[in-house]
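Encoded as structure tokens, the structure appears first; notes follow it.
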Amino acid sequence: MSATVLSASGGEPTDAVRADPASKRDLWIVFWIFPIFFSLFGVIFVLLARVIPPPRPDVTTDQKVQWFAAHATTIQIGFAAVCVVFGGAAIANGYVAYQMKRMSSGSTFAYAYMGSMAVGTLPGLLLVALCFLAATFRPREPRITALLYDLGMLSFNGSLGCFATGYLAFAIAILYDKNQIFPKWLAYVSIWQIVTEVIATQMWVSSAGPYSWNGSIAFWLAVIVFGFWLNCQGIFLKFATDRQPAGTRPVD
Amino acid sequence: MTNTEPTAIASGPPASISSGRQSGVHLPGDGHMWFMVLGDLVIFGAYFIVYIVQRSMAPAAYLQAQQHLNITIGVLNTLVLVTSSWFVAQSVQATAAGQHERAIRLLYGGGACGLLFIAIKACEWSMKITQGYTTSNEFFMFYYMLTGVHVLHVALGVLILGIVVRELRNPRRQRLSVVEQGATYWHMVDLLWLVIFGLLYVVR
Amino acid sequence: MQILAEAEELPKTTNIKTQLVALWTSAVSALILLIAFIAFPGFWPPMSPRLTADEVASFYRDHTTWIRFSMVTFNLCGIMLLPFFCVVVVQMKRMASQSQAFAYCYLSAVVSGATLFALSDVFFAAAAFRPGRDADLVLLLNDLGWIVFIAPVGMILAQNLMLALAVYLDKGPNPVFPQWVGHLSLLTLFAMLPSACAAVMTSGPLAWDGALSFWLRNGAFATFTVVMFFVVRGAIHRQAVVEGVAR
Amino acid sequence: MSTTAAPTRRDTKKVGPRAITYTWAVLCAITIGSWWLAPGHTTNTATPSIAITTAVVLLGFIKGRLVIQYFMAVKTAPRWLKLSTDAWLITLWAAVFVIYLY
């Protein structure tokens, strides 16, 4: 294991006494934020904010305004809740990066993962909330509301590079790792994720059909692979937490 | 730090999914690589199904657009890729027989064919783009997407073949399972191309 | 803090010194940010969400200079608070009885949260960039600026939750932070939480000009940051003493 | 460590170099054969053809199975792998054919 026992870090005995050496309570608290956050995320984005399944890209300005009017209340409840809980994304990703630091492949890609996901939270998660909150905040000229509709959906579904970088970092770190923190095949699932992200770029040029932001290829297939990947990541995050010896931490 | 070698294709198959060679049953490569390959096949399968669904909604428009593809280039690409697969498959045989030098030479052949495939694809793309066939046409959207993602797989495959060659060069790391994993991936690339070729170039 | 002469050239002394430099960098920029905060006419009193498009447009026309000054300053110095939070991360990583998971999650939340602070002033400053812009568009930029500035508190909540939990579970004989820092952290969390409603409410204490969403939120954050400055300085000092760098 | 590098007596069922070459020859022959079927080949306008599409589906299935069985050496692989690759091939081409006809 690359994790060093606390008192052995630095190779010399320190006088730091561990109060509760068998406790992994901090790890478990942080771990449980992962499933809790993503469950909330699912509930909010699917049931309240109505951006999954995505509203259509191929509608008129008036239809966009009507769509906001029809869902204003749930959008406001959902995205105000997002403003409160979206920090869970940072904790979930931070904990994945923490477990990646325990790999024998070193900290480089753990930091790359943390960085790209931390950046991606703004365009990939929060900007749609801000745009839709601004759109439902007050009545506006229809073309401005329609602009916010496009801006929100495109940033939510089309912010691909941050996540592709994160998946790449995750995959490479797993492939080089000898501590088996995550299974090798999860790296391959991350590579599929990159492939789906590459294909989803087409939503920037396609406003209808399978490659649009609600299309079967650019959205649905990508979401299915993402859901599978996320569940696997969560499950193996639990196993990694199980296996981490109490009282250890990754090397700096 | 000594643990910097890619374990992607360096570790043996997990005991649970590898089976004894004595029985004549043998899992080529390892379970992780097969997981990757089967998953990739399923994802590509979904792309193919969506393509054929979309095509069946506007068969005339698709057929009309399909005629602008150059079948000769498609056939050439297929021959190149099938030949590269032959090289790689023979390389597995050579490795199994302990002829590592020959195996490396065969892998070079396979990799060269892969690069040739990418070059031909690049020519085809630039021809199509200069002729004005862009993603505004739905068929060409599929054409660029499917061949583009596939060519990414080819490029990744060339990289993997390179890693296999590097492993084979090291006498302490000449493991058959490494070559088999690389070969499995490479044949998947070939297999996917055969489907793409059939669906994009030939189907009427 | 008195650095010992014999420890002057040691690598661990450098670590102490850089933490102090980061602390003071952020302290100075916090002071500049306070000036910018005071200089922004839109905060005295905070602009009402009920202003009409024309009122907002004329506000930006009338106060262009001060808006530009304060928002450019926000833009320049806002992220200079980041070194301070990074010192907190370094100190959290020293907590002996735990595995550093909180520290990395805290860092991740700090980085994400900083991107938001870097965004809001862009909207305000862009609204002031062309005073002749359509009133509707100025109103949009103003709304976006206010919503981004006040509502997305999630990252700060995540930060403070991680800090509070880390403090509570830091049960060694020499805790890095005193226990009350955990209470303060949670208190700040709850004080800032309601302001998420500012993205929805147009009047009352929860609107972005309201007592809860504006004054309590910003006051709590400012108080927390100032108190944490002294707490962190104390923690660095204790680290220096433990490591034999200072007395 | 490298027990697999020096295999014991090979099973007769095993795919050998010769079988691989035959496979390659058949694949090339089918590919060149498809050259006549393609719509881009003729100068005059192509028409939809169920016969040609049926041929494409059949040949595609055969080519895919050849690659899987001989190149990928699934012929001697464990049963689960044979079944899953065949299931993929059958599902894909059957779905293509059914959707095309429908």
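The values are calculated or read from the model by the stated rules, or taken from the named source; none is laboratory data. Please read all numbers here as calculations on a predicted model, not as lab measurements. Virtual Cβ from ideal backbone geometry, glycine too; neighbours counted across all protein chains shown. The protein model used for the area step is the full one, side chains on, heavy atoms only, and it has no ligands, DNA or RNA in it. Shrake-Rupley method; radii C 1.70, N 1.55, O 1.52, S 1.80 Å.
Here are some notes:
- Counted residues, the stretch A:170-183 - those being open to solvent by less than 10 Å² (accessible area, probe 1.4 Å) and over 18 Å from A:P250 (Cα atoms): 1
- When each of A:I75, A:I36, A:I52 is tested for being open to solvent by 40 Å² or more (accessible area, probe 1.4 Å) and within 22 Å of the chain's Cα centre (by Cα), the lone residue that passes is A:I36.
- Total residues in the stretch D:44-102, condition part of a helix (DSSP H, G or I), facing chain B (nearest Cβ under 7 Å), open to solvent by 20 Å² or more (accessible area, probe 1.4 Å) and touching a residue at least 40 places away in the same chain (Cβ under 8 Å): 1
- Tally, over the stretch B:60-74, of residues that are part of a helix (DSSP H, G or I) and in contact with an Asp or Glu (Cβ under 9 Å, 6 or more places away or on another chain): 5
- Condition broken by C:Y104, with the remaining ones in (1) in contact (Cβ under 8 Å) with a residue 24 or more places away in the chain; (2) within 27 Å of A:L127 (Cβ to Cβ); (3) within 14 Å of chain A (Cβ to nearest Cβ) satisfied: (1)
- Answer from C:A125, C:A96, C:A114, C:A109 - the residue that is of a type in the set (G, A, S) and surrounded by 24 or more Cβ atoms within 10 Å (Cβ to Cβ): C:A109
- Helices (runs of 4 or more DSSP H) wholly inside the stretch C:56-146 that include at least 3 residues being among the aromatic types (F, W, Y): C:64-77, C:101-129
- Residue selection: D:T23 satisfies the criterion of being more than 21 Å from B:I71 (Cα to Cα) and touching a residue at least 12 places away in the same chain (Cβ under 8 Å).
- Checklist (1) in contact (Cβ under 8 Å) with a residue 12 or more places away in the chain; (2) part of a helix (DSSP H, G or I); (3) not β-branched (V, I, T) applied to A:K178, failing item: (2)
- Out of C:A246, C:A235, sole residue that is closer than 19 Å to C:C86 by Cβ, more than 19 Å from the chain's Cα centre (by Cα) and either of a type in the set (F, W, Y) or surrounded by 17 or more Cβ atoms within 10 Å (Cβ to Cβ) (or both): C:A235
- Qualifying residue in the stretch B:179-196 (condition: free of Cβ contacts under 8 Å to residues at least 40 places away in the same chain, open to solvent by less than 20 Å² (accessible area, probe 1.4 Å) and within 17 Å of B:V50 (Cα to Cα)): no
- Among the candidates B:Y62, B:Y143, B:Y47, B:Y133, residue that is over 18 Å from the mean Cα position of the chain (by Cα), open to solvent by less than 10 Å² (accessible area, probe 1.4 Å) and of a type outside the set (A, V, I, L, M): B:Y62
- Yes/no for C:S99 being free of Cβ contacts under 8 Å to residues at least 24 places away in the same chain, hydroxyl-bearing (S, T, Y), touching a strand residue (DSSP E or B) at 6+ places or on another chain (Cβ under 9 Å) and over 21 Å from A:R138 (Cα atoms): yes
- Within the stretch C:153-166, none of the residues are more than 13 Å from every other protein chain (Cβ to nearest Cβ), under 30 Å from A:G247 (Cα atoms), open to solvent by less than 10 Å² (accessible area, probe 1.4 Å) and free of Cβ contacts under 8 Å to residues at least 60 places away in the same chain.
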